[in-house]
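A quick write-up on the structure given underneath.
The values are calculated or read from the model by the stated rules, or taken from the named source; none is laboratory data. All values derive from a computational prediction rather than experimental measurement. Positions of Cβ are generated from backbone atoms using ideal geometry, with glycine treated the same way; all protein chains shown enter the neighbour counts. In case anyone asks, the SASA skips ligands and DNA or RNA and just uses the protein heavy atoms, side chains included. Shrake-Rupley method; radii C 1.70, N 1.55, O 1.52, S 1.80 Å.
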Amino acid sequence: MGEPEQKADRSETGCFAMTKQMIPIRTKGVAQNSLSAGTFSRSVLQRKCAGIDAALKKFFGPHPNATRIALRLRDINKGLKGVTIECENPASFAYTRGIPAIAMGNIHLCQPQFHDPTVEQRAETIVHEGSHKFIGTGDNGYYTLNCDETAETQALSDSGREDNADCYGCLVQTLL
C-alpha cells in the first residue's frame, strides 16, 4: 500500500493561500515580483513560505486568516490595474478620496515626496492607498517607514489589523 497523503501544516497553508491568491502583485511604477509556485523549486518555495508566514504574523497577528488576507490583496491588485493616480494637492504625500464599495475616486500620490522612498516603500504606499479605495480599510495605526512596529500598531487587535491599511502595505513591502 502507498503512504497516506500528508496534509500541509498550518504554516504551508498560509503561504500557499497567499501565493495562490495574491502573487504577483503588480502596481504602477513598481517592480514586479512573482512568487508563484511554478517559478520556484520546492526548497526555494519553502524558504519563501517561511518569510511569508512570518510577515503574515507580524502584520496580522499570531493567527492570521491568510486566505481572507490574500483575497483582499487580490481585490486591491485588481482595482489598481485600472485606477487613476494623480496629484491635486502637491503639499501632500498620498491620500485617497472615494467610496470603497463602488471604487469611485482616485488615488493621489504627489511628487517629489513619492519618489523619495525606496521602490518597496512606494509599493507600500500604493497598496496602502489601494486598500482604502478597494477594500475600505481605515488608518487604525501606522508602522514606521521601514514597517517596524509602533505603539499604535502593537495595540491593534487581529480584527483591527485586518481593517488597517498599513498592515496590507507593509506586508507587500516586506515581501518584495
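See the values below:
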item	result
Members of the range 152-173 found to be surrounded by fewer than 19 Cβ atoms within 10 Å (Cβ to Cβ) and either in contact (Cβ under 8 Å) with a residue 40 or more places away in the chain or basic (Lys, Arg) (or both), listed by number	Ser157, Asp158
Unique match (being part of a loop (DSSP other than H, G, I, E, B) and either within 20 Å of Gln121 (Cβ to Cβ) or β-branched (Val, Ile, Thr) (or both)) among Asp166, Asp148	Asp148
Count of residues meeting criterion [touching a residue at least 24 places away in the same chain (Cβ under 8 Å) and in a loop (DSSP other than H, G, I, E, B)] in the range 120-145	8
Residue in the range 161-170 that is of a type in the set (Lys, Arg) and farther than 17 Å from Thr67 by Cα present	no
Residue list for the range 151-163, restricted to those being of a type outside the set (Asp, Glu), assigned to a helix (DSSP H, G or I) and more than 22 Å from Asn77 (Cβ to Cβ)	Ala151, Thr153, Gln154, Ser159, Gly160
Extreme residue, farthest from Ala50 (Cα to Cα), among residues of the range 121-151 that are surrounded by fewer than 19 Cβ atoms within 10 Å (Cβ to Cβ) and acidic (Asp, Glu)	Asp139
Hits in the range 124-176 - residues which are more than 22 Å from Lys81 (Cα to Cα) and of a type in the set (Val, Ile, Thr)	Thr144, Thr150, Thr153
Which numbered condition Thr67 misses (of (1) open to solvent by 60 Å² or more (accessible area, probe 1.4 Å); (2) at pLDDT below 60; (3) of a type in the set (Ser, Thr, Tyr))	(2)
Selected residue (criterion: modelled with the lowest pLDDT) from residues of the range 79-94 that are surrounded by fewer than 13 Cβ atoms within 10 Å (Cβ to Cβ) and farther than 21 Å from Tyr142 by Cβ	Pro90
